[in-house]
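Engineer: The structure that follows is given in the form of structure tokens.
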Amino acid sequence: MVTVLDAYVWSSHRGYLSHEKGWDWLHRDMLLKMFSKIKKQAFSDYLTFVNQQDSNEVQHFFSRKNTPAILGSPAFIDTIRNRTNTC
């Protein structure tokens, strides 16, 4: 993992904060509206969110050698597994 999102070449992070036309392919409105319907506030809240310290659960998840495909509580993981088994 990287400590600064801008350091990760394949991250869409810069695209979520950019107003440049080169990022028009990135459908960012849906994600940003989850933070706020006011665009300026959405950018600010997004930045606050991505700059938060990772929770202990997330740190533990990524520190494992054999990382599972699904991150979440045991109940959530069971729900997802049951959905994929019925498809």
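The values are calculated or read from the model by the stated rules, or taken from the named source; none is laboratory data. All values reported here derive from a predicted model rather than from experimental measurement. Here the Cβ is made from the backbone with ideal geometry for all residues, glycine too, and neighbour counts use every protein chain on show.
Engineer: In contact with a Leu (Cβ under 7 Å, 6 or more places away or on another chain) and either surrounded by 10 or more Cβ atoms within 10 Å (Cβ to Cβ) or in contact (Cβ under 8 Å) with a residue 40 or more places away in the chain (or both): does that describe Phe61?
Structural biologist: yes
Engineer: Follow-up. Can you work out which of the residues in region 34-78 that are of a type in the set (D, E, K, R) and farther than 23 Å from Ser12 by Cα is modelled with the highest pLDDT?
Structural biologist: Asp78
Engineer: If we keep just the residues of region 54-81 that are among the hydroxyl-bearing types (Ser, Thr, Tyr) and closer than 18 Å to Thr3 by Cα, which is nearest to the chain's Cα centre (by Cα)?
Structural biologist: It comes out as Ser55.
Every residue, every condition in (1) within 14 Å of the chain's Cα centre (by Cα); (2) surrounded by 14 or more Cβ atoms within 10 Å (Cβ to Cβ), yes or no:
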| position | (1), (2) |
| --- | --- |
| Thr3 | no, no |
| Ala7 | no, no |
| Ser11 | yes, yes |
| Gly15 | yes, yes |
| Glu20 | no, no |
| Trp25 | no, no |
| Leu31 | yes, no |
| Lys37 | no, no |
| Gln41 | no, no |
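Engineer: Residues of region 70-80 being part of a helix (DSSP H, G or I) and surrounded by 12 or more Cβ atoms within 10 Å (Cβ to Cβ), which ones?
Structural biologist: Answer for region 70-80, where residues must be part of a helix (DSSP H, G or I) and surrounded by 12 or more Cβ atoms within 10 Å (Cβ to Cβ): Ile77, Asp78, Thr79, Ile80.
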